[in-house]
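What follows is a set of notes on a single structure, which appears directly below.
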Amino acid sequence: MEFKAAIEAYMCNSALLCDVVLPDATWMEQSQIKPDWLYDAFIAYYAEIVEPMYDTMPVWKIIVELANRLDLGYYFPWNNIEDAFRNQLNGTPWSFDELKAKGFIITDQAQYFKYKIGEVLIRRMDMAVQESAKQEIQFCKSCCQGKGLDYLPDYKEPDKELMPDNEYPFIYGNFRSLGHEHSSTFNNFHLMKTNGTNVLWINKIDARERSIAQGDKVRLQSPWGSVEMVAKPTWAIMKGVLGS
């Protein structure tokens, strides 16, 4: 790749590899319309709290400025973010002015309240922190049966091209590390001292068979790309599985 650019609020690992980094405003410095990750059928308005500092811009403005320089500005005819929000909600049953006035809108009452038991609305996150898997299944069963829903997840066989083979013998997955939150904590000096990068978890047996020790640099490769990471042999991940 001859030229790489990023829109980032922090100099994360990806930004350090780029030729140009366009400074994005932080989340408190720009307004947003977002669905809530804990609830279904719910959109919320997040208003800008403080103006962007220094030379930063909210991402919508960066995109508009880039479009204007590429003679594509007619695709983004917005003078401010509220114009963009009105365009975003155009054609839906809801208007930006209604959303701004209320702060949030429940877009589907039946979907939103499907986990309601009595007067208690259970969030999806709450279902993931039951004391045991059995309790979680029992909770889902009692909740879903009253709504006419199947409480057991559907299982589908993975595509054959994603199954482990002799050339690519591992299954790889991502999860949330307790050390960092996406890239937003990579500018925290103390966190970077204790955990300077996202490590690759590998089962200790798999690591021993490949002479991989704690802290070794390894290359994780798939048919679609490769990346160099720091190994973390551990019993906390299954044999044949890699994670980061």
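The values are calculated or read from the model by the stated rules, or taken from the named source; none is laboratory data. Worth saying up front: this structure is predicted, and the values here are computed from it rather than measured. Virtual Cβ from ideal backbone geometry, glycine too; neighbours counted across all protein chains shown.
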Check: Does any residue of region 200-214 turn out to be of a type in the set (S, T, N, Q), surrounded by 10 or more Cβ atoms within 10 Å (Cβ to Cβ), modelled with pLDDT of 90 or more and part of a loop (DSSP other than H, G, I, E, B)?
Finding: yes
Item checked: When residues of region 164-177 are limited to those that are at pLDDT 85 or above and among the hydrophobic types (A, V, I, L, M, F, W, C), the one surrounded by the most Cβ atoms within 10 Å (Cβ to Cβ) -> PHE170
Next item on the list: Read through the list (1) surrounded by 11 or more Cβ atoms within 10 Å (Cβ to Cβ); (2) of a type in the set (Val, Ile, Thr); (3) without any contact (Cβ under 8 Å) to a residue 24 or more places away in the chain, then give the number of the only condition that THR56 fails.
Entry: (3)
Notebook entry, point to check: From the residues in region 24-43 that are surrounded by fewer than 17 Cβ atoms within 10 Å (Cβ to Cβ) and out of contact with any helix residue (DSSP H, G or I) (no Cβ under 8 Å at 6 or more places or on another chain), which one is modelled with the highest pLDDT?
Noted result: GLN32
